[in-house]
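One structure is given below, encoded as structure tokens.
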Ligand code: DHB
């Protein structure tokens, strides 16, 4: 079997790349270890930047973001027991959309199936090979046990932080930049009505909490916890008490509670692989970088990467010039590092450091006061949160 671009991973990056390439007449095959129903049923990220929505609705993807998604024109930063709204529409004239990642994936898969794409779900033993030469390949085993060697011109590694692509770089050809944080997020999904019209990011002495949503009847909430916390140690009542304590304040705000039907602890890391390419292998999305979740940049960064990558590959197949592949990483990395800074900044402004002091708590309050009371501070947050334009 042969294709122009072998895409490893059918997440937002891989599927979008396959669609953008097809629009340029470039052929691809997408291989994915999970089954379609697993991908479509796993609840993950929830916030789309304006640019991600523009991409979904402006490039021929059959998306329901405008009918099922909810536009949010701001967020609330809560500290000292009071809410402070950052008005995106006023400061930057842009918005974000609450539209869950698995809905984006359903839209993308349906669109690719509509267009006759070659998508291989449920494969195993994926091996990326020969990327230092001009005829790389991706080998994998189908559900029925058949081994396929997919020969190609280029491999796009879109298989996330636990994928195999990143490991196909020979030793000594890349640098990994990372940072860990001394906390995680305890995340829940609950059957309840929304507690607020927009997302709430809360700083408190007990630690950070985030009040988000998925649908009018399903709410997503998180609170900062020890990264080794065992979710089984928490009763529903204890979870609600902790969340309520973190958002409590003089304004009397409280959360609407309901049955908790999913829970888990998410680690927090910052990671970047440089360069993002080795030979004919180019990484995109979480395969190349991870951001801590605060600020919701992960999915959006992946969508920005593949727009740059699709342009690069269009130039490459148009000219046959190997040098065009050099432009991808540096262009993508400029946004990656800005998003790394923003995610790190939001994380460190809002979370309590277990080794921190009373000084640190008050310094954070000063920072939050500066950001929310200054038009310049609020504008930077609004600009970064709603997303920078594609060409920085
Ligand atoms: C969600 C996650 C985030 O990290 C964030 O900043 C906002 C929303 C969410 O899962 O809804």
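Based on what the data block shows, is residue 64 closer than 21 Å to residue 197 by Cα, surrounded by fewer than 19 Cβ atoms within 10 Å (Cβ to Cβ), away from the ligand (no atom under 16 Å from the Cβ) and touching a residue at least 60 places away in the same chain (Cβ under 8 Å)? First the steps, then the outcome.
On the way: closer than 21 Å to residue 197 by Cα: yes; surrounded by fewer than 19 Cβ atoms within 10 Å (Cβ to Cβ): yes; away from the ligand (no atom under 16 Å from the Cβ): yes; touching a residue at least 60 places away in the same chain (Cβ under 8 Å): no.
Answer is no for this residue.
Any residue at all in region 67-81 that is buried (at least 20 other Cβ atoms within 10 Å of the Cβ), within 15 Å of the ligand (Cβ to nearest atom) and free of Cβ contacts under 8 Å to residues at least 60 places away in the same chain?
yes
Looking at region 371-380, is at least one residue within 17 Å of the chain's Cα centre (by Cα), more than 16 Å from the ligand (Cβ to nearest atom) and touching a residue at least 40 places away in the same chain (Cβ under 8 Å)? Spell out the reasoning first.
Applying the first criterion (within 17 Å of the chain's Cα centre (by Cα)) to region 371-380 yields none.
No, because not a single residue in region 371-380 is within 17 Å of the chain's Cα centre (by Cα), more than 16 Å from the ligand (Cβ to nearest atom) and touching a residue at least 40 places away in the same chain (Cβ under 8 Å).
Quickly run through region 246-264 and pick out the residues that are over 20 Å from residue 82 (Cβ atoms) and either outside the structural domain of residue 204 (by TED's automatic domain parsing) or not in a strand (DSSP E or B) (or both). Let's see the steps before the verdict.
As a first pass, look at region 246-264 and keep what is over 20 Å from residue 82 (Cβ atoms): 257-264.
Passing the criteria: 257, 258.
For region 338-392, give me each residue that is outside any helix (DSSP H, G or I) and crowded, with 19+ Cβ neighbours inside 10 Å. Let's see the steps before the verdict.
So in region 338-392, the residues outside any helix (DSSP H, G or I) come out as 351-357, 374, 387-392.
Within region 338-392, 351, 387 qualify.
Among the numbered conditions (1) more than 15 Å from the ligand (Cβ to nearest atom); (2) in contact with a strand residue (DSSP E or B) (Cβ under 8 Å, 6 or more places away or on another chain); (3) under 16 Å from residue 161 (Cβ atoms), tell me where residue 277 comes up short.
(3)
Here are 272, 265: which of them is more than 29 Å from residue 189 (Cβ to Cβ) and in contact (Cβ under 8 Å) with a residue 60 or more places away in the chain? Steps first, please.
Values: 265 fails: more than 29 Å from residue 189 (Cβ to Cβ).
The unique qualifying residue is 272.
Determine which member of the set 46, 51, 11 is closer than 30 Å to residue 88 by Cα and either touching a strand residue (DSSP E or B) at 6+ places or on another chain (Cβ under 7 Å) or modelled with pLDDT under 95 (or both). I'd like the intermediate steps shown before the answer.
Numbers: 51 fails: either touching a strand residue (DSSP E or B) at 6+ places or on another chain (Cβ under 7 Å) or modelled with pLDDT under 95 (or both); 11 fails: either touching a strand residue (DSSP E or B) at 6+ places or on another chain (Cβ under 7 Å) or modelled with pLDDT under 95 (or both).
Selected residue: 46, the only one of 46, 51, 11 that is closer than 30 Å to residue 88 by Cα and either touching a strand residue (DSSP E or B) at 6+ places or on another chain (Cβ under 7 Å) or modelled with pLDDT under 95 (or both).
For region 83-114, name all the residues that are within 22 Å of the chain's Cα centre (by Cα) and part of a loop (DSSP other than H, G, I, E, B).
94, 95, 99, 100
If the requirement is being more than 13 Å from the ligand (Cβ to nearest atom), crowded, with 17+ Cβ neighbours inside 10 Å, assigned by TED's automatic domain parsing to the domain that holds residue 324 and not in a loop (DSSP other than H, G, I, E, B), which of these qualifies: 282, 243? Steps first, please.
Numbers: 243 fails: assigned by TED's automatic domain parsing to the domain that holds residue 324.
Residue meeting the stated conditions: 282.
Among the residues of region 158-200, write down those that are assigned to a helix (DSSP H, G or I) and crowded, with 20+ Cβ neighbours inside 10 Å.
Within region 158-200, 165, 166, 168 qualify.
Scan region 115-131 and tell me whether some residue there is assigned to a loop (DSSP other than H, G, I, E, B), within 24 Å of the chain's Cα centre (by Cα) and within 16 Å of the ligand (Cβ to nearest atom).
No, there is no match, as no residue in region 115-131 is assigned to a loop (DSSP other than H, G, I, E, B), within 24 Å of the chain's Cα centre (by Cα) and within 16 Å of the ligand (Cβ to nearest atom).
Which condition from (1) assigned by TED's automatic domain parsing to the domain that holds residue 45; (2) in a helix (DSSP H, G or I); (3) farther than 30 Å from residue 4 by Cβ; (4) touching a residue at least 12 places away in the same chain (Cβ under 8 Å) is the one that residue 292 breaks?
(2)
Return the total of residues in region 201-239 being buried (at least 19 other Cβ atoms within 10 Å of the Cβ) and without any contact (Cβ under 8 Å) to a residue 40 or more places away in the chain.
4
The values are calculated or read from the model by the stated rules, or taken from the named source; none is laboratory data. All of these numbers come straight from a predicted model, not from anything done at the bench. Neighbour counts run over all protein chains shown; Cβ positions are idealised from the backbone, glycine included.
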